[in-house]
Amino acid sequence: MRGDIPGDCDGVACLRRLVDFAEPTPDDVCLDVARGDDRPVATAIRSRVRDLTAVDLERALSLPYADNAFTLVTARYPVHQRADPGAALREMLRVCRPGGRLILADRIKTNSMAAERAPLQ
């Protein structure tokens, strides 16, 4: 989701957009991957899903859940500061059920002018 809200995705409006974009349902079993004790997505989504688990990916090299355990996985800033962002993404995809949703909000940082001009897909 490419937003028109300046700055980081820390504001209330951006958080609301992220949760609405996730389209949580009362049948969803949701995992919110957070950093530290910062869990605004979990707080915003809790009343809209059947079950919610929040975990800090920074403290765990791997998520302590079975494959395909969640119908919805949400995360803010899960990859931009990680040494191996691919590993973090693979781990979130591993616990997300086929047909489930992985919703991420993160920063894109590049020194490449070509990449900055390229539209997001």
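The values are calculated or read from the model by the stated rules, or taken from the named source; none is laboratory data. Keep in mind it's a predicted model, so treat the numbers as computed, not measured. Counting neighbours? That spans all protein chains shown, and the Cβs are built from the backbone with ideal geometry, glycine included. What goes into the accessible areas is simple: the full protein's heavy atoms, side chains included, and nothing from ligands, DNA or RNA. Shrake-Rupley method; radii C 1.70, N 1.55, O 1.52, S 1.80 Å.
Confirm whether D38 is at pLDDT below 90 and open to solvent by less than 20 Å² (accessible area, probe 1.4 Å). Quick ask: steps written out before the conclusion?
Numbers: at pLDDT below 90: yes; open to solvent by less than 20 Å² (accessible area, probe 1.4 Å): no.
No, not satisfied.
Test D10 against the stated conditions and say whether it is at pLDDT below 90, outside any helix (DSSP H, G or I), within 15 Å of D106 (Cα to Cα) and more than 14 Å from the chain's Cα centre (by Cα). Spell out how you get there, then give the answer.
Values: at pLDDT below 90: yes; outside any helix (DSSP H, G or I): yes; within 15 Å of D106 (Cα to Cα): yes; more than 14 Å from the chain's Cα centre (by Cα): no.
No, not satisfied.
Could you list all residues from segment 70-88 that are buried (at least 17 other Cβ atoms within 10 Å of the Cβ), within 13 Å of V33 (Cβ to Cβ) and either out of contact with any strand residue (DSSP E or B) (no Cβ under 7 Å at 6 or more places or on another chain) or modelled with pLDDT of 85 or more (or both)? Steps first, answer last, please.
Step one: filter segment 70-88 for residues buried (at least 17 other Cβ atoms within 10 Å of the Cβ), giving 70-79, 88.
Checking the rest, the ones that are also within 13 Å of V33 (Cβ to Cβ) come to 70, 72-79, 88.
The answer is F70, L72, V73, T74, A75, V79, A88.
Find the residue count for segment 55-69, including only residues that are in contact with a Lys or Arg (Cβ under 6 Å, 6 or more places away or on another chain) and either modelled with pLDDT under 90 or open to solvent by 80 Å² or more (accessible area, probe 1.4 Å) (or both).
Final tally of qualifying residues: 2.
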